[in-house]
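The values are calculated or read from the model by the stated rules, or taken from the named source; none is laboratory data. If you're wondering where the values come from, they're calculated on a predicted model, not measured in any experiment. Cβ coordinates were reconstructed from backbone atoms using ideal geometry, including for glycine residues, and neighbour counts include every protein chain displayed.
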Amino acid sequence: MPLHEIPEFFHPEIRQLIDFALEDAWQEVRNERLADTASVRGRLATTIVALAAIGETNPIKLKNFALHATRAAFRPRRRPPLTRQSAPCTAAA
């Protein structure tokens, strides 16, 4: 994310951390083909900026949380295996 796209209310050092975390996360996830580039980068950026806005400044945590959120959002969900249902049980009165 170019620095000019990061909200300006962040201190310049925090803006650089956000940029670093985003680029680092993007390098890790870009070949996973989760979705189109804009959607994946947008999810990464949104997560990182949201975390930075509530005070997280550790770039490794920013990256890891963003990767987790992005992968969860774009990976296909596995359906539980279908189980065979037995015939309804009738209770004797």
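Observations, loosely collected:
- Matching residues in segment 24-45 - criterion: being surrounded by 14 or more Cβ atoms within 10 Å (Cβ to Cβ) and either free of Cβ contacts under 8 Å to residues at least 12 places away in the same chain or not in a helix (DSSP H, G or I) (or both): 34, 35, 42
- Positions within segment 51-64 being exposed (fewer than 14 other Cβ atoms within 10 Å of the Cβ) and either in a helix (DSSP H, G or I) or touching a residue at least 60 places away in the same chain (Cβ under 8 Å) (or both), in sequence order: 53, 60, 61
- Count of residues meeting criterion [more than 17 Å from residue 47 (Cα to Cα) and at pLDDT 75 or above] in segment 1-17: 3
- In segment 65-86, the residues that are assigned to a helix (DSSP H, G or I), under 18 Å from residue 35 (Cβ atoms) and either modelled with pLDDT of 90 or more or charged (D, E, K, R) (or both): 66, 67, 68, 69, 70, 71, 72
- Taken together, the criteria place residue 20 among residues that are at pLDDT 90 or above and either part of a helix (DSSP H, G or I) or at negative phi (or both).
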